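A.B. asks: There's a structure below that I have some questions on.
Coordinate-derived values only; no laboratory data. A quick note: this is a predicted structure, and the numbers were derived from the prediction, not measured. Here Cβ is always computed from backbone atoms with ideal geometry, including for glycine, and neighbour counts include all displayed protein chains.
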Amino acid sequence: MVSRVIPVDPFDLVIFGGTGDLAQRKILPALFRRHCAGQLPGGERVIGAARTALTSAEYRTIVAEAIRSHAGPKACGGGTLESFLDRVSYVALDALGDEGWDALATELNTQDNAPVRLFYFSVGPGLFGPLAERLQKYGLAKDDTRIVVEKPFGRDLGSAQELNRTLASHFHEGQIYRIDHYLGKETVQNLMAVRFGNMLFEPLWNSQYVDHIQITVAETVGVEGREEYYERAGAMRDMMQNHLMQLLCLIAMEPPAKFDPDAVRDEKLKVIRALDPVEPHHIVRGQYQARLDPEDPHPSYRGLVSNPRSTTESYVALKAHISNWRWAGTPFYLRTGKRLVNRSSVINVMFKDAPHSIFGAEAGRHANHLKIRLQPNEGITLSVTIKEPGQGGMRLVDVPLDMSFAEALGPEGGDPPDAYERLIMDVVRGNQTLFMRGDEVEAAWAWTDPVIAGWKSRGDVPKPYESGSTGPGDADLLMRRDGREWRGINP
Ligand code: BG6
């Protein structure tokens, strides 16, 4: 199977925060890989913009280094680093003042047949408003101009509403692309393909047949290099409010009438709005401890952020209920954490036992389960019960029907584009399906805020857990109290 590359229309992309970490690690390498794949049309321009005084030549040196370090080992088929750099330039400007904006306008207005114009706000949310305002003031925004904004989109409902209001005073919703990079992951989109492209699963996809669903996003990395941000965010704001919530929406939503931005986002929004408030005893926070292993030592979370009394969680597990016809009675268990035993993002759909076992009690309990591996080793496993081979009566055993996407699609399936590659190309194409709408983000905060407020008012302190473990023991208790268990966190 050969992955298709359809070139996009010519575009001008301005990256505010063009010298920053995200631009260097993700945005520029993603553009370069699309250039290599032959998806960029040739007339595009990439303009870095930041405060630092640099010439375009100096900026190109930074971009070249970023690409060498972060674009991965993929061969560049459709062009070279030099041909990509030819399209890159730089403008120094002040996001809070007037310096540099005329120069940016001159740079952009040199092209006669105006291509699609994109502005990537790869900066803190405090600069979204000033940037949006200046884009209008200097006449840089046209009707089809698109702006891309990164998470965190606010730190609570109030600040998200404020950001939405500010952006809405300069751009209409159809121009605003709020990124959640999880939505750009190949297998996350496969969730929709699996659910709505097959007849097999959808009839069983409800509380009558599904006992519970587990969503795990486990990371082995800590918070090195992002201490200041993370200490103010914690796992609830950094991961749960956005990435895990989006996965929950895709798993739980009703089939949209079509694969169209508003149809999909309407259904996701309904899921978030149907979530019950989380009960305080249905949530566990954790914070990682130091790892003393001389071979692989790590500081504790508190040591790393130099705050011996920090109560920021690096782990959170919770039980959520969706009060609607499809899901009433089926709990969703969500967990995410840093410095866990393995890197693994997995959704486990645990089906109910057969209503009656004709094989007797000694055959044991055998429920089907569908495991959707988002990363690494993307694929799907369906466990099926069969007879244990051999003599000795009717003994049952569960075997996996295992499909690895890499194997199933073969080498010609190609390396799928990473999330940023796909999402930036979607912005160029003007497709908002994989971006969060303003009301979705607000609804997610409205659900998250009371949880965080509850911790604060109770003076809640996260439970310690060992670095390299599966998280705090209390998260296991959360499951055991319901007679259930977490699936292992395997690579
Ligand atoms: C980011 C979070 O949004 O997602 C990080 O801020 C986290 O804390 C990252 O590490 C995880 O992304 P991925 O693609 O590596 O699973």
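A.B. asks: Summing -39500 (n - 2.57) over the DSSP H runs of n ≥ 4 in the chain and dividing by its residue number, what mean residue ellipticity at 222 nm do you reach, to the nearest 500 deg cm²/dmol?
C.D. replies: -9000 deg cm²/dmol
A.B. asks: Further, regarding this structure: Nearest 5 is fine: what % of DSSP beta bridges in the chain come out antiparallel, could you say?
C.D. replies: Taking every DSSP beta bridge with both residues in the chain, the antiparallel ones total about 55 percent.
A.B. asks: What is the dipole size for segment 52-199, taken about its Cα centre, with +1 at each Lys and Arg Cβ and -1 at each Asp and Glu Cβ, in debye to the nearest 20?
C.D. replies: The dipole of segment 52-199 has a size of about 600 debye.
A.B. asks: Give me the one-decimal Kirkwood hydrodynamic radius in Å for segment 245-325, with the sum taken over alpha-carbon pairs.
C.D. replies: 15.9
A.B. asks: Among rounded, prolate and oblate, which fits segment 210-360 when a ≥ b ≥ c are the square roots of the eigenvalues of its C-alpha gyration tensor, a/c under 1.5 means rounded, and a/b larger than b/c means prolate?
C.D. replies: Here segment 210-360 falls in the prolate category.
A.B. asks: Under 17 Å between alpha carbons, and skipping anything fewer than 8 positions from Lys137 in its own chain: which aspartates and glutamates qualify?
C.D. replies: List returned: Asp94, Asp98, Glu99, Asp102, Glu107.
A.B. asks: In debye to the nearest 20, how big a dipole does segment 176-289 give about its Cα centre with +1 on each Lys and Arg Cβ and -1 on each Asp and Glu Cβ?
C.D. replies: Dipole of segment 176-289, to the nearest 20 debye: 180 debye.
A.B. asks: Quick one: net charge around Ile380, please, counting Lys, Arg +1 and Asp, Glu -1 for every other residue with C-beta under 13 Å from its C-beta.
C.D. replies: Net charge in that neighbourhood comes out at -1.
A.B. asks: What distance in nm separates the two pseudo spin-label positions at Asn490 and Glu99, each 7 Å out from Cα along the beta-carbon direction?
C.D. replies: In this crude label model, Asn490 to Glu99 measures out at 5.7 nm.
A.B. asks: Looking at Met245, Met479, Tyr138, which one has the Cα that reaches farthest to the positive end of the dipole of the chain (charges on Cβ: Lys, Arg +1; Asp, Glu -1)?
C.D. replies: Result: Met479.
A.B. asks: Name the residue farthest towards the positive end of the dipole of segment 251-355 from the options Ile272, Val341, His321, assuming +1 on Cβ of Lys and Arg, -1 on Cβ of Asp and Glu, about the Cα centre.
C.D. replies: Val341
A.B. asks: Can I get the semi-axes of the chain's equivalent ellipsoid? Compute them from the C-alpha gyration tensor as square roots of 5 times the eigenvalues, in angstrom, largest first.
C.D. replies: The three semi-axes for the chain are 41, 26, 23 Å.
A.B. asks: Still on this structure, I have one more. Relative to the Cα centre, what is the charge dipole magnitude of the chain, using +1 at the beta carbon of each Lys and Arg, -1 at the beta carbon of each Asp and Glu, and rounding to the nearest 20 debye?
C.D. replies: The calculated dipole for the chain is roughly 840 debye.
A.B. asks: For Lys270, list the lysines whose Cα falls under 27 Å from its own Cα; do not include residues on the same chain fewer than 8 positions away.
C.D. replies: Lys151, Lys185, Lys258, Lys319, Lys352, Lys371
A.B. asks: Using modelled amide H (1.01 Å from N, peptide plane; none on Pro or chain starts), what sits under 5 Å from the amide H of Arg395, excluding residues fewer than 5 places away?
C.D. replies: Correct list: Glu388.
A.B. asks: Averaging over all projection directions, find the projected area of the Cα convex hull of segment 154-194 and quote it in nm² with one decimal place.
C.D. replies: So the Cα hull casts an average projection of 3.9 nm².
A.B. asks: Would you report the distance distribution of C-alpha pairs in segment 424-491 as whole percents per 10 angstrom bin, up to the bin with the largest distance?
C.D. replies: Calculated P(r), rounded to whole percents: 15, 23, 30, 24, 9.
A.B. asks: Could you pull out every one of the lysines with an alpha carbon less than 18 Å from that of Lys338, ignoring same-chain neighbours closer than 8 positions?
C.D. replies: Leaving aside lysines fewer than 8 places away in the same chain, those within reach of Lys338 are Lys463.
A.B. asks: Toward the positive end of the charge dipole of the chain, about the Cα centre and with charges on Cβ (Lys, Arg +1; Asp, Glu -1), which of Leu396, Ile67, Thr312 goes farthest?
C.D. replies: Leu396
A.B. asks: Along its three principal axes, how long is segment 102-150 when you only count alpha carbons? Whole Å, largest extent first please.
C.D. replies: Cα spread of segment 102-150 along its principal axes, largest to smallest: 33, 19, 16 Å.
A.B. asks: Expressed as a whole number of Å, what is the distance separating the alpha-carbon centroids of segment 354-381 and segment 451-482?
C.D. replies: Their Cα centres are 28 Å away from one another.
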